[in-house]
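Only one structure is covered here, and it is reproduced in the block below.
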Amino acid sequence: MIEVKNVSKSFVIKEKRGFLNSNKSILKAVDDLSIVIKKGEITGLLGINGAGKTTTVKMLATLLEPTEGTILYDGISNKKHVIKNKINMIAGGERMIYWRLTARENLRYFGSLYGLYGKSLNERIKYLLNITGLEDKADIPVEKFSKGMKQRLQIARGLINNPDYIFLDEPTLGLDIQIAKDIRELFKKLAKENNKGILLTTHYMEEVEELCDYIYLMNKGKLIKEGTTTEIINTCSHIKNCKLEDAIMLISKSIA
């Protein structure tokens with residue numbers, strides 16, 4: 001289990017005032033956040049742009065250090081060299097892979113960063129190419145891949161170290177309906193059958209309703225609501241045919 005305890009993240013913002021002068025201000029991107037990510041479950045982290053979701057994910061992935069608070073990974077504090085094999089991140093879009101390399105070469109490179117090599121790495125690559133449906137495309141340069149194939153490779157890359165926890169940042173962004181459906185099915189299997197703890201950020205409410213066991217809703221860096229999908233929707237039960245998106249908008253407006 002990952003425990004985020006009273007975590008905040010602040011940034012110093014410099015604003016120019018004339019040619020030589022500048023003013024400094026503090027931006028609190030995440031403010032006293034406490035959430036839990038359990039193995040075997042998919043947890044949603046939702047909010048409008050600027051809510052603090054990406055900053056939170058970057059702290060969980062050890063790309064940013066919290067200004068305050070503690071993050072525990074199965075009881076272990078946030079130390080990159082200790083927990084790097086427990087976590088990985090999968091982002092939407094076409095980032096985090098090398099286009100001039102083949103799928104196999106990408107996975108071999110990223111596997112080496114986690115100390116994998118030889119037979120164990122080759123077996124891991126074979127397994128990941130199989131579950132992502134890229135076996136027949138393994139030795140083709142990524143620049144020739146479709147958008148959906150690139151995202152499948154992103155997923156394989158994010159699983160190369162067999163992490164206990166996976167952070168998904170808009171993982172189906174821009175994908176067609178069938179490919180997005182296949183990818184969601186894979187995430188469900190990873191959580192339910194492989195006991196992975198998954199954190200999902202997305203703007204697709206249908207995706208949240210299909211995948212998430214529990215939801216945290218953020219606004220302006222703060223946690224403003226948490227619960228199951230049903231519990232969140234019930235906050236607007238007085239509205240006819242209220243959907244998750246309607247409930248989230250209603251909750252966010254009441255806080256603003």
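The values are calculated or read from the model by the stated rules, or taken from the named source; none is laboratory data. On a predicted model such as this, the values are computed, not experimentally measured, just so you know. Neighbour counts run over all protein chains shown; Cβ positions are idealised from the backbone, glycine included. These accessible areas exclude ligands, DNA and RNA; they are computed on the full protein's heavy atoms, side chains included. Shrake-Rupley method; radii C 1.70, N 1.55, O 1.52, S 1.80 Å.
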Conditions first: (1) small (G, A, S); (2) surrounded by 14 or more Cβ atoms within 10 Å (Cβ to Cβ); (3) free of Cβ contacts under 8 Å to residues at least 40 places away in the same chain; (4) farther than 30 Å from K86 by Cα. S254 passes all but one, so which condition is the exception? (2)
Please count how many residues of region 209-256 are under 18 Å from the mean Cα position of the chain (by Cα) and under 23 Å from E185 (Cβ atoms). 7
Considering every residue within region 145-166, establish whether at least one is assigned to a strand (DSSP E or B) and modelled with pLDDT of 95 or more. yes
Out of the residues in region 48-94 that are in a loop (DSSP other than H, G, I, E, B) and on the phi > 0 side of the Ramachandran plot, state the one that is most open to solvent (accessible area, probe 1.4 Å). G50
Consider only pairs whose beta carbons are under 7 Å apart and that are at least six residues apart or on different chains; among these, list those whose first residue lies in region 185-211 and is surrounded by fewer than 17 Cβ atoms within 10 Å (Cβ to Cβ) and whose second residue is among the basic types (K, R). N195/K39; E210/R184
Are any residues in region 138-189 closer than 25 Å to N122 by Cα, among the hydroxyl-bearing types (S, T, Y) and within 16 Å of the chain's Cα centre (by Cα), and if so, which ones? Y165
How many residues, within region 146-169, are buried (at least 20 other Cβ atoms within 10 Å of the Cβ) and without any contact (Cβ under 8 Å) to a residue 12 or more places away in the chain? 0
